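Quick notes on the structure that follows.
No value in this document is a laboratory result; all are computed from the given coordinates. Note that the coordinates shown come from a computational prediction; the quantities given were computed from them, not determined experimentally. Cβ placement follows ideal geometry from the backbone for every residue including glycine, while neighbour counts extend to all protein chains displayed.
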Amino acid sequence: MRTARSLPAALLGAALVLTACGTDDPATDDEAQDGAAAECAPPEADPDRPGVGDGTFPATIDDDADGVELEDEPERIVSLSPTHTEMLFAIDAGDQVEAVDEYSYYPDEAPVTDLSGYEPNVEAVTEYDPDLVVVGSDNADLADQLDPVGVPTLVLDAAQDLEGTYAQLRLLGDATGRTEAADTEADRVETDIATTVEEVCAEVGDTEPLSVYHELDDSMFSATSETFMGQIYSMFGLVNIADGADDGSADGYPQVSAEYVVEEDPDLIFLAYGDEGAVDEVAERPAFETVTAVAEDSVELLDPDISSRWSPRVVELTEAVGDAIREQAGA
């Protein structure tokens, strides 16, 4: 257990590490990983989700490392994770945030600095005299470096699903003394997502499930139903074509080929990068004019930040996906 005078660590939770190999061969119907439609419905609430603290200090916070003890409510927080910066402001702890990393540019009032979340520097962080530092698990070793100077460090993994988002909001509420605001925000996000999914499912009805292809970059890495983004698609009952391309070694992010996408013929394509030029480039790929999503103008751009973070803006992400489904289905 790190004490209240243990050190701060830095996190850049939004980065995706793509270590997967891909496949050029489309999955056959009898392959176990062939994509299948999920039920069109928001996920059920986890009955074992963590509760809300009492908002008092001293407090012991169970993070994704060794846990941290806070003697007092933090007043000078340094966040090196864009996702958790967004969360801190969403739970009304923004006034307690002293500095954030160079990529924490949302919301506008976030105090952006040149601090690096990729390669955090102990000396640079301590110049802000923090009494709490929030970092991702990729930079958990920063906590060991900061421990000697007595700054508490909260280490948080990337959320793996929506329940992880709700849990991290509440945990940050406990760590900042904003328990009620955090609980309210977590409930709002969950309710708004459920409302969007239920409305879209009701409007689309019992039509044939749509298929989807999610493209992370122009080298054609995708995301299966096992990923955070994939869960969003699964809520709407979409058939994810990447599921059939993951042989288990891709950690949910297989690289596919153009031939594979053409063969699978997705109804919807979502791009998590670029601008309208990227949409045009997809349409110009050989044989892509035969893909339903291209032929029916259903290649959609997603905000790269929103689609790679698990902040409260997942509500906007869900709404964007829902709008695309409505349009493609003619609902």
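Only the Cβ atoms of Lys and Arg (+1) and of Asp and Glu (-1) were treated as charged; on that basis the dipole of the chain about its Cα centre amounts to roughly 820 debye.
Backbone geometry of segment 285-301 corresponds, through the Karplus equation with coefficients 6.51, -1.76 and 1.60 at θ = phi - 60°, to 3J(HN,Hα) couplings of 5, x, 6, 6, 5, 8, 6, 3, 4, 6, 4, 9, 6, 10, 9, 10, 8 Hz, x marking Gly and Pro. P(r) for segment 59-188, from all Cα pairs and a bin width of 10 Å, is 13, 50, 33, 3 %, short bins first.
Compute the FRET efficiency between Asn121 and Glu180 as 1/(1 + (r/R0)^6), taking r as their Cβ-Cβ distance and R0 = 45 Å, and round to the nearest 0.05. Efficiency computed from Cβ-Cβ geometry: 0.80. Each residue of segment 227-234 was assigned a 3J(HN,Hα) from its phi angle through the Karplus curve 6.51 cos²θ - 1.76 cosθ + 1.60 (θ = phi - 60°); the sequence is 8, 4, 5, x, 5, 4, 5, 5 Hz, with glycine and proline shown as x. Using C-alpha pairs below 8 Å separated by at least 6 residues, the relative contact order for segment 190-331 is 27 percent. Full extension of the segment from Thr191 to Asp141, taken as 0.36 nm per residue of separation minus the current Cα-Cα distance, would add 14.4 nm. Shape analysis of segment 61-131 places it in the rounded category; the axes a ≥ b ≥ c from the Cα gyration tensor give an a/c below 1.5. Neighbour counts of other Cβ atoms within 10 Å put Asp265, Asp243 in the fewest-to-most order Asp265, Asp243. Just to be sure I understand, if you calculate Cα Rg over 2.2 N^0.38 Å for this structure, which of (1) 1.28; (2) 1.05; (3) 1.00 do you get? Read-out from the structure maps to (2).
Residues with amide H under 5 Å of Asn240's amide H, sequence separation 5 or more or different chain, H placed in the peptide plane at 1.01 Å from N; which? Those lying under 5 Å, H to H, from Asn240 are Ala36, Val212. With Cα atoms defining each centre, segment 59-93 and segment 149-171 are spaced 8 Å apart in the structure. Classify segment 177-230 as rounded, prolate or oblate, taking a ≥ b ≥ c as the square roots of the eigenvalues of its Cα gyration tensor: rounded when a/c is under 1.5, otherwise prolate if a/b is larger than b/c and oblate if not. Since a/c reaches 1.5 but b/c is at least a/b, the shape of segment 177-230 is classed as oblate. Placing pseudo-labels 7 Å out from each Cα toward the beta carbon at Asp218 and Asp265 gives an inter-label distance of 2.8 nm.
When restricted to Cα atoms, segment 195-329 yields an Rg and a Dmax of 13.8, 39 Å, respectively. Scalar couplings 3J(HN,Hα) for segment 110-125, obtained by applying the Karplus form with A = 6.51, B = -1.76, C = 1.60 to θ = phi - 60°, are 4, x, 5, 10, 8, 4, 9, x, 7, 10, x, 10, 4, 4, 5, 5 Hz; x denotes Gly and Pro. Based on the alpha-carbon gyration tensor of segment 151-267 and its eigenvalue square roots a ≥ b ≥ c, which shape applies: rounded if a/c is under 1.5, prolate if not and a/b is larger than b/c, or oblate? Oblate, because a/c is 1.5 or more while a/b does not exceed b/c. Helix 179-204 and the longest principal axis of the C-alpha atoms of the chain enclose an angle of approximately 10°. Between Glu300 and Ile269, Phe270, Leu271, the built amide H atoms are under 5 Å apart, and every one of these is 5 or more places off in sequence or on another chain. Backbone amide hydrogens, once placed in the peptide plane, bring Val97 within less than 5 Å of Ile77, excluding anything fewer than 5 places away on its chain.
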